[in-house]
1. Neighbour counts of other C-beta atoms within 10 Å: give me B:H210, B:H187, B:H227 arranged from fewest to most.
2. Run the helix sum for chain B: -39,500 (n - 2.57) per DSSP H stretch of 4+ residues, divided by residue count, reported at 222 nm to the nearest 500 deg cm²/dmol.
3. Volume per residue, Å³, of the convex hull around the alpha-carbon atoms of chain B?
4. Taking a ≥ b ≥ c as the square roots of the Cα gyration tensor eigenvalues, with a/c under 1.5 meaning rounded and otherwise prolate when a/b beats b/c, else oblate, which class fits the protein assembly as shown?
5. Show me, for segment A:267-279, the HN-Hα J-couplings you get by feeding each phi into the Karplus relation (A = 6.51, B = -1.76, C = 1.60, θ = phi - 60°), rounded to Hz, glycine and proline as x.
6. Per residue of A:26-34, how many C-beta atoms from partner chains lie within 10 Å of its own C-beta, taken as a mean?
7. Quick one: order B:L265, B:L20, A:L262, A:L128 by neighbouring beta-carbon count within 10 Å, fewest to most.
8. How high is the relative contact order of chain A, in percent, with contacts defined as C-alpha pairs under 8 Å that are six or more residues apart?
Amino acid sequence: MKRFRTLTGLAWISPWLLGFACFTMLPLAMGLWYSFTDWTLLEPAIPIGMDNYERLLGDEVVHIATWNTLLYLVISIPLLTIASIAMAVLLSKPARFQAFWRVAVFAPSVLPLVALATIFKLMYDAELGAMNKGLSFVGIDGPNWFGTEAWAMTAIILMNLWVVGPAMVIYLAALRDVPRDLNEAASLDGVSWWGRLVNVTLPMISPVILFNVIIGFINAAQVFVVPYIMTAGGPNRGTYFWSMYVYDAAFKYGDMGYASTLGVVQFAAILLLTLGLLLVGRRYVYYRGGMT
Amino acid sequence: MIEPGMKTNGPARMVTWLLLALCAAIALFPVLYMAILSMQPATQAMDADGGLVPGSLADTAANYSAVVNDDAINFPLYFRNTLLIAMLAVAGVVCSSAITAYGFARVRWRGRQPLFIVMLATMMVPFPVVMVPLFVLFRELDWIGTFLPLWVPAWFGSAFSIFLLRQFYMTIPRELDDAARIDGCGHVGIFLRIILPLSLPALLVVGLLHFMYVWNDFLGPLVFLTHRDQYTLALGLELYMSRLGTTPWNLVMAASTIMVAPVLLLFLFAQRSFLEGISTTGLKG
């Protein structure tokens, strides 16, 4: 009977199970195998042991891509977290046309990233773009956004603030679940608005913050489309990220073995950093009703 | 009734309102910017002092017809390609995720919990990591240069959709299953007669989210499609923008408007269920 139940369960999930085997596990295993080979698609793969990994350690482009990706993560994740929480707090206040504000702030997040990056490429244009015109309006001389590495990186990170939608909606739902009486009690005790936010609201939604930070991290660690469209990785590889190198190694240089190695290392790094975030996060997260 | 705290209420509301209006304006600016520029003649769009006002109706029509009738980049075809891929993928994701989610939510069996966690973990496998081996796999199957890599995997469900549907199934009372079982229904009967009809709104959200995902996808088509006449809108837009010579921005903006409009309209029509669907993801599983 029990065995039969297990078979029934497996039968129901078999669509996913099959897909998981073919389109996730198999590629991961293949990637791992190719990472130990020299392979250009034209000739059969030649096993070369750890050569690809050694090459990776000394590869200047890997150093640049790693540094850029880390820099991007370290700046954009806290920024996005703060922005999406701030937007959620603002949108949770009772106000007129609340549904409209929510839809307006969310709308850019449904746009195709290709289109959004295209629009921003024009907006950042030093002569024609709206960004510098807006800045000059308040008396600031706008930079040549795609002219230097630092400004190009800034441009990409700033653009991300338009995609706060999904995280913001999840924070909104979490804010609704914060018990009102807690805030009211703190308010009666004379705790300021800021004090209530930091000492009551944020701890209460901390599991959701951890969730969003991890999702945001995994997304940001594979950033590709926006720099590909907006800067093409430039100038001087100043916005060249890890995923772009995987893509170029495979489809520009035809070096499938080395590209697989880059993919394996990217996967391992994301896995380890995610676990690290979870472990560190758990210490600071407050779970109502004990741990889950 | 007047309490001491209420005094600040008026101004505080005003500040909230102003902040909301400011944020909404900033958020919507890029979309409006795109729409306005797509209506300007090239001379105005490429002029630094062109201003932020749309051109005449004739200019607008000229821009859009130039984009649609381009010699080298066939946007109407890309539109149809994208729509076809999206519909095939959405049909697949909805069907197979609905079935799989039933196995995770309604059948009690050993190994369910661990496999569910494995499934959640697959959401963390980034596409760039598997894209090279997937390319090799699809090349062996002779699928490169066809739409197959872009929609066939969807027929095996997507972890995100399964998770969302499973969360929804869990809220359907078990008593309904029991009643159906007394009437002689097996799992298939319960699934078809109770779970499916009751979860139509959730299925709609899943379909909608996946449609947008496929519509917006860039890297997948970039890796798997080879011929220009198979391109999706995402690739077409990139090609259009990066074409040699100075990019006529008004035309590029018209092209992005064509790509953006369907998803934006879908979102506006279904925003309520859409936003609710996303907030479900944040719940503890």
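1. Working: B:H210 22, B:H187 19, B:H227 8.
Ascending Cβ contact count within 10 Å gives the list B:H227, B:H187, B:H210.
2. Details: 15 runs with 195 residues, N = 285.
Helix-only estimate at 222 nm: -21500 deg cm²/dmol.
3. Numbers: hull volume 64.5 nm³, N = 285.
It comes to 226 Å³ per residue, whole-number rounded.
4. Numbers: a/c = 1.42, a/b = 1.04, b/c = 1.37.
Verdict is rounded for the protein assembly as shown.
5. With coefficients 6.51, -1.76 and 1.60, one gets 4, 4, 5, 5, 4, 5, 5, 5, 4, x, 4, 4, 5 Hz.
6. Working: counts 4, 11, 5, 1, 6, 7, 1, 1, 3.
Whole-number average of other-chain Cβ neighbours for A:26-34 is 4.
7. Values: B:L265 10, B:L20 23, A:L262 29, A:L128 18.
Ascending Cβ contact count within 10 Å gives the list B:L265, A:L128, B:L20, A:L262.
8. Numbers: 292 pairs, mean separation 82.6, N = 292.
Normalised by residue count, the contact order of chain A is 28 percent.
No value in this document is a laboratory result; all are computed from the given coordinates. Remember, predicted model here, so these are calculated numbers, not experimental data. Here Cβ is always computed from backbone atoms with ideal geometry, including for glycine, and neighbour counts include all displayed protein chains.
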